[in-house]
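Chemist: My questions all concern the structure below.
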Amino acid sequence: MEMTVDQLLHAFRIMERSILAEQRLLRFIEAGDSRVLLHSGRGQEAIGIGACAALRDDDMLFYSHRGVAQILAKGILLDELIGDFLGRIGGATGGLGAGIVHAVDPKFGVMGSSGTLGGGFVLSAGAALGAAKLGDDRVSIHLFGEGSANRGTFHEAANAAALWKLPMIWLCENNGYSVSVPHREATCIEDVAQRAQAYDMPSAIVDGQDVEAVYGAVKEAVERARSGCGPTLIEAKTFRIRGHYEGDPQNYRSKDEIAAAKLKDPQILVQERLAARGVGEDRLEAIRQEERAHLEAAVATAMSHAKAGEAQIYQGLLAGDMS
Amino acid sequence: MSERIISYRAALNEALVEEMERDERVFLMGQDVAKFGGVFAVSKGLQDKFGPKRVFDTPISETLIVGGGVGAALAGARPVVELQYADFALVAMDEILNKAAKWRYMHGNRQSVPLVIRAAEGMFGGLGPEHSQSFGQYFWNAFGLKTLMPSTPADAKSMLKAAIRDDDPVLFLENKALYNRRGPVPDEVEVDPIGKASTIRNGTDLTIIAWSSMVAVALKAAEALAEEGISAEVIDPRGVRPLDTATIFNSVDRIGRVLVTHEGPVTGGLAGELIAQIVETRFDKLLAPPARVAGADTYVPQNLELERFIVPHLEHILAAARKLAATGKSSTQ
Ligand SMILES: Cc1ncc(C[n+]2csc(CCOP(=O)(O)OP(=O)(O)O)c2C)c(N)n1
């Protein structure tokens, strides 16, 4: 399904924002300003961005550990993301996180992420159940890697979600690897989407490098969910350009394979789409400039907050601590 | 006997190699353990040596990794399974507590579950609340499971060998902070029976009982205390179950002052139960109230600068030890 030019421009902007943010986070790590584990999402940005373009602010996102595009696209503020990475009290988790995996913003339906892989299946099903019980029309969406789909929770949640026609979308980012283990050495099926059949759930397979393709599939799934017709499983085929984590020796794949992944960069594709729709390079350059300035401003805001200190470690255990 | 200085990680690798060479029934499965050699590089080279039949990757399916290990053990194999992080034991808790630990008992003591579950635990490296827990204390009530926590390369090697040979299921908790630590390992390690505490340093003024990553900290504390004229004995129980209370009680009876330290949260921790047993059985031998130095009663933030507020440090042990040495009666006599 086509996106409007404005939607495509917004997707381009968020992709630029995500890429710049990750580059900066890597620089923080290299400089020793942040000593955290980053699972780069380079190469996979079109999936989260395309999906969020089809969602409302109040739809609920349970995101994966892979990169920052998913949460930036849903509305997490860049200064809160960076602040958290730098352990600042202005960060999304008040400086506890110093990473990207636990940023939330209830205002934008950014609900959080389970560090234990597979936790997101049952939670996103539960969120959809909650919305259904409350009688509102929010949908929940979960982004996950194909490796995580081998947890038993996938099957428990898929069965119940289909049975109860829960308003949810499962969006698999199939980048072919679970750390070092190739997809086909962890399961017999080529397509994770095949599993939907077992639960009588609609499914789709899309090119995960193509933001419009993802948008189209998710939009259709959202309409189905909102109208009470239940869950959809979407599999986006994608490529991870960097290692599983920074410092990954990547001895399990060839240099050629990594080079080929770089050619499938979703950023190249979105630029081509915009050019084909008559958007000039000058407009893209203007957005790039704006995003560079946005990043610098976000870093400055993040740094303007104090570092989290010992008092922080007991904050937020119970509701009484909520500010 | 000659010895080499090797890392905890290398010691574990050697134990796996030697036991796999010794016993054809031993196999290793887990996430990224094969070609990749394990996320903490413990199983490097093993697949090359023993082939994909005996060293292989699993899907991200911890329930299967542990439950499948229990089943394979029941069938007569000697599986060693790896959980990338001990925290993921939580998604296989039924398999650990209800299956591995209880199978023998609830089926009339007619079957063995010779399974080893290796798992990387500990508050180290800024990995956050779901990848940093220190787990030993959750297993006091796993009566049919042996829970081991090696603190040195030599122990890592001999204890893993013993665990693989043991007919009971063993939860083998490797501390992430220790993988790079180096220490002497004898060329021919003795495979000690499981459940023997190790007295690492003798002393006369107080006993420090320390588990896992805290053992090295306790030894440093003992050295510093010696310069102040306080003589500390250091004992490493080397696990949770079985617990060598004989060695510990003997030390407490001789010395009368005891400080217990571990990484996990202080409340409901390893120290609490051990001190309860000490107070209950030898109150009259104590010259001062026992002391605990353990993890903070909260979760482990991902921010490294906050993580260090959770983990007990040398200064905490020193402060508690000095206080302990200065309080209470002067002697048992
Ligand atoms: C239950 C559980 N098992 C293992 C891990 C460790 N781990 C973190 S990321 C990862 C690989 C995930 O692969 P996949 O789901 O395909 O996502 P990708 O990393 O490729 O984006 C693993 C094994 C975990 N976090 N949780």
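Chemist: Looking only at region A:223-241, count how many residues are outside any loop (DSSP other than H, G, I, E, B) and free of Cβ contacts under 8 Å to residues at least 60 places away in the same chain.
Modeler: The first filter runs over region A:223-241 and keeps only residues outside any loop (DSSP other than H, G, I, E, B), leaving A:223-226, A:232-237.
The next check asks that each one be free of Cβ contacts under 8 Å to residues at least 60 places away in the same chain; those that pass are A:223-224.
Qualifying residue count, region A:223-241: 2.
Chemist: Would you confirm, using the coordinates I've provided, whether B:Glu174 is of a type in the set (Asp, Glu), open to solvent by less than 10 Å² (accessible area, probe 1.4 Å) and modelled with pLDDT of 95 or more?
Modeler: Values: of a type in the set (Asp, Glu): yes; open to solvent by less than 10 Å² (accessible area, probe 1.4 Å): yes; modelled with pLDDT of 95 or more: yes.
So B:Glu174 fits the description; yes.
Chemist: Ok, one more. Among the residues of region B:280-312 satisfying the criterion of being loosely packed, with under 15 Cβ neighbours inside 10 Å and modelled with pLDDT of 95 or more, which is nearest to the other protein chains (Cβ to nearest Cβ)?
Modeler: Result: B:Asp297.
Chemist: Right, something else. Restricting to region A:144-183, name every residue that is at positive phi and more than 9 Å from the ligand (Cβ to nearest atom). Give the derivation first.
Modeler: So the first thing to find is which residues in region A:144-183 are at positive phi, and the list is A:165, A:176, A:179.
If the condition is that a residue be at positive phi and more than 9 Å from the ligand (Cβ to nearest atom), then A:Lys165 is the only one that fits.
Chemist: If you don't mind, another one. Search region A:37-48 for residues that are within 14 Å of chain B (Cβ to nearest Cβ) and near the ligand (Cβ under 10 Å from one of its atoms) and pair each with any residue that is open to solvent by 10 Å² or more (accessible area, probe 1.4 Å) and of a type in the set (Phe, Trp, Tyr) when their beta-carbon atoms are under 9 Å apart and the residues are at least 6 apart or on different chains.
Modeler: A:Leu37/A:Tyr245; A:His39/A:Tyr245
Chemist: Report whether or not B:Ala34 is in the same structural domain as B:Leu145 (by TED's automatic domain parsing) and within 21 Å of the chain's Cα centre (by Cα).
Modeler: Numbers: in the same structural domain as B:Leu145 (by TED's automatic domain parsing): yes; within 21 Å of the chain's Cα centre (by Cα): no.
When the stated conditions are applied, B:Ala34 does not pass them.
Chemist: Same structure, new question: If the requirement is being assigned to a helix (DSSP H, G or I) and among the charged types (D, E, K, R), which of these qualifies: A:Glu2, A:Glu16? Lay out the reasoning, then the answer.
Modeler: Numbers: A:Glu2 fails: assigned to a helix (DSSP H, G or I).
Among A:Glu2, A:Glu16, only A:Glu16 is assigned to a helix (DSSP H, G or I) and among the charged types (D, E, K, R).
Chemist: A further question on this structure: If A:Ala186 meets every condition in (1) buried (at least 19 other Cβ atoms within 10 Å of the Cβ); (2) aliphatic (A, V, I, L, M); (3) away from the ligand (no atom under 12 Å from the Cβ) apart from one, which number is that one?
Modeler: Result: A:Ala186 passes all but (3).
Chemist: While we're looking at this one, here's another question. Please give the number of the condition B:Ile255 fails out of (1) away from chain A (no Cβ under 14 Å); (2) within 13 Å of B:Met214 (Cα to Cα).
Modeler: (2)
Chemist: Another question, then. Name the residue that is farthest from the other protein chains (Cβ to nearest Cβ), counting only residues in region A:298-322 that are open to solvent by 90 Å² or more (accessible area, probe 1.4 Å) and closer than 18 Å to A:His102 by Cα.
Modeler: A:Met322
Chemist: Moving on. Looking only at region A:242-272, which residues are crowded, with 19+ Cβ neighbours inside 10 Å and either part of a helix (DSSP H, G or I) or touching a helix residue (DSSP H, G or I) at 6+ places or on another chain (Cβ under 8 Å) (or both)?
Modeler: A:Ala261, A:Pro266, A:Val270 - these are the residues of region A:242-272 that are crowded, with 19+ Cβ neighbours inside 10 Å and either part of a helix (DSSP H, G or I) or touching a helix residue (DSSP H, G or I) at 6+ places or on another chain (Cβ under 8 Å) (or both).
Chemist: Look at A:Leu72 and say whether it is within 14 Å of chain B (Cβ to nearest Cβ) and either at pLDDT below 95 or crowded, with 23+ Cβ neighbours inside 10 Å (or both).
Modeler: Details: within 14 Å of chain B (Cβ to nearest Cβ): no; either at pLDDT below 95 or crowded, with 23+ Cβ neighbours inside 10 Å (or both): yes.
The answer is no for A:Leu72.
Chemist: Turning to a different aspect of this structure: For region B:210-223, name all the residues that are in contact (Cβ under 8 Å) with a residue 60 or more places away in the chain and either over 13 Å from the mean Cα position of the chain (by Cα) or assigned to a helix (DSSP H, G or I) (or both). Even if it seems obvious, please write down each step before you answer.
Modeler: Step one: filter region B:210-223 for residues in contact (Cβ under 8 Å) with a residue 60 or more places away in the chain, giving B:211-218, B:220-221.
Scanning region B:210-223 gives B:Ser213, B:Met214, B:Val215, B:Ala216, B:Val217, B:Ala218, B:Lys220, B:Ala221.
Chemist: A further question follows. Output the residues belonging to region B:121-134 that are within 14 Å of another protein chain (Cβ to nearest Cβ) and open to solvent by less than 10 Å² (accessible area, probe 1.4 Å). Break it down stepwise before answering.
Modeler: Pass one, region B:121-134, residues within 14 Å of another protein chain (Cβ to nearest Cβ): B:123-133.
B:Gly126, B:Gly128, B:Ser132 - these are the residues of region B:121-134 that are within 14 Å of another protein chain (Cβ to nearest Cβ) and open to solvent by less than 10 Å² (accessible area, probe 1.4 Å).
Chemist: Just give me the residues in region A:104-140 being more than 9 Å from chain B (Cβ to nearest Cβ), of a type outside the set (Phe, Trp, Tyr) and within 16 Å of the ligand (Cβ to nearest atom), in sequence order. So that I can check it myself, show each step before the final result.
Modeler: Step one: filter region A:104-140 for residues more than 9 Å from chain B (Cβ to nearest Cβ), giving A:104-113, A:120-140.
Of the ones still in play, those that are also of a type outside the set (Phe, Trp, Tyr) are A:104-107, A:109-113, A:120, A:122-140.
Scanning region A:104-140 gives A:Gly112, A:Ser113, A:Gly120, A:Val122, A:Leu123, A:Ser124.
Chemist: Follow-up. When the residues of region A:75-103 are narrowed to those that are β-branched (Val, Ile, Thr) and facing chain B (nearest Cβ under 9 Å), which ends up farthest from the chain's Cα centre (by Cα)?
Modeler: So, considering only residues that are β-branched (Val, Ile, Thr) and facing chain B (nearest Cβ under 9 Å), the one farthest from the chain's Cα centre (by Cα) is A:Thr93.
Chemist: Looking for whichever is away from every other protein chain (no Cβ under 14 Å) and of a type in the set (Lys, Arg) here; the options are A:Arg184, A:Arg226. Which one fits?
Modeler: On the way: A:Arg184 fails: away from every other protein chain (no Cβ under 14 Å).
Testing whether each residue is away from every other protein chain (no Cβ under 14 Å) and of a type in the set (Lys, Arg) leaves just A:Arg226.
The values are calculated or read from the model by the stated rules, or taken from the named source; none is laboratory data. This structure is a prediction, so every number in the text was calculated from the model and none was measured. Glycine also receives a Cβ, built like all others from the backbone with ideal geometry; neighbour counts cover every protein chain displayed. Ligands, DNA and RNA are stripped out before the accessible areas are found, and what is left, the full protein with its side chains, is counted by its heavy atoms. Shrake-Rupley method; radii C 1.70, N 1.55, O 1.52, S 1.80 Å.
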